[in-house]
Amino acid sequence: MQTENQKINLPILEEKKVTLSIKREDKIHPFVSGNKYRKLKYNVQKALQDNYDTLLTFGGAFSNHIAAAACAAQESGLRSIGIIRGEELAYKWKDNPTLATAADMGMQLQFVPRNLYREKNSEEFLGHLKSEFGRFYLLPEGGSNDLAVKGCEEILTEDDTVFDIICGCVGTGGTIAGMINATGNHQKVLGFPALKGDFLKESIRKFTAKENWELQTTYHFGGYAKVTSEYINFINEFKRCTQIPLDPVYTGKMMYGLMDMVKNDRFLPGTRILAIHTGGLQGIKGMNVTLKKKNLPLIDL
Ligand SMILES: *Cc1c(COP(=O)(O)O)cnc(C)c1O
């Protein structure tokens, strides 16, 4: 599957003589993040091929991966189980748009305390899950594994070799690793982490041997899903000027960072930039619930 590259017209781009296109992976699916769809594609194929009837995975309350896994499982006739961080959610998950929709799509939600959730990769915890749920195809938190990276190698196409710079969001690093694998050495990939942490480089190196990439680590706004009113205003302004919605957890931070780099002359005149819009738009509703409570501006729908 190939998605369209949309050329962006903004005064700042003209002033700095750089061009920007956005690859609209957000349009792959109305609910599932584009990259999560790509990460699940070969995993679902493998699960079916190996005769699994159940997909089990992990995530937090607003996880795009949980939403995507529920949807992909339903579409392919697999049962799905989501192990969700935070036992307090057991009483209020119906108010959480991500979890409520995942449940609607047939996902069985199991809420676990944070200390137990941290043990999710231990043999002991997995043993408990097996005795409780039987045989299942296991997807890690965020969905990054070799098959997920393989799926993300299909984000970039032959036509994209004309770009000098490719920008992408980084959560667990699987998506950008796939993109890096698909670039030529004349291209550079810039990753914009959505969270704080030095472990990200290592996670990316697990899935790619190429070196034509770097991370821009100063645009996380304090950490995963953390936002400020200046940042929310940027997302709304960007949508007003381009008609392109950005999600607050990933793509907004990448675009904020990229625009900041353009403003600060970090690209030579003539540079052709492609930014990947990975989706995540299902998370806006949930974020607006939080923003309202904190008296911060809301994201325009
Ligand atoms: C999950 C997600 C990412 C990050 O993907 P990783 O492979 O975990 O790095 C980026 N953008 C969106 C919209 C996502 O949902």
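Every number in this text was worked out from the coordinates using simple rules, so none of it is lab data. Just so we're clear, the structure is a prediction, and the values are computed from it rather than from any experiment. Every residue, glycine among them, receives a Cβ derived from its backbone with ideal geometry; neighbour counts consider all protein chains shown.
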Practice task
Inspect region 30-40 for any residue being more than 22 Å from the chain's Cα centre (by Cα), surrounded by 14 or more Cβ atoms within 10 Å (Cβ to Cβ) and among the hydrophobic types (A, V, I, L, M, F, W, C) and give the result as yes or no.
Solution key: no
Practice task
Just give me the residues in region 178-200 being within 15 Å of the ligand (Cβ to nearest atom) and within 22 Å of D260 (Cβ to Cβ), in sequence order.
Solution key: M179, V189, L190, G191, F192, P193, A194, L195, K196, G197, L200
Fill in the blank from the handout: Within region 240-263, residues within 16 Å of the ligand (Cβ to nearest atom), out of contact with any His (no Cβ under 7 Å at 6 or more places or on another chain) and assigned to a helix (DSSP H, G or I) come out as G252, M254, M255, Y256, G257, L258
Exercise for the section: Output yes when any residue across region 145-155 is within 8 Å of the ligand (Cβ to nearest atom) and not in a helix (DSSP H, G or I), and no when none is. Expected result: no
Completion exercise
Scanning region 221-239 for residues that are in contact (Cβ under 8 Å) with a residue 40 or more places away in the chain and part of a helix (DSSP H, G or I), the one nearest to the chain's Cα centre (by Cα) turns out to be I235
Handout entry: region 156-177, subset surrounded by fewer than 18 Cβ atoms within 10 Å (Cβ to Cβ) and touching a residue at least 40 places away in the same chain (Cβ under 8 Å), residue farthest from the ligand (Cβ to nearest atom)
Key = V162
Practice task
All but one of (1) of a type in the set (A, V, I, L, M, F, W, C); (2) closer than 19 Å to S33 by Cβ; (3) free of Cβ contacts under 8 Å to residues at least 12 places away in the same chain hold for F125, so report the exception by its number.
Solution key: (2)
Completion exercise
Flagged in region 207-235 as surrounded by 15 or more Cβ atoms within 10 Å (Cβ to Cβ) and more than 24 Å from D160 (Cβ to Cβ), in numbering order, are T217, H220, F221, Y224, A225, K226, V227, Y231, I232, F234, I235
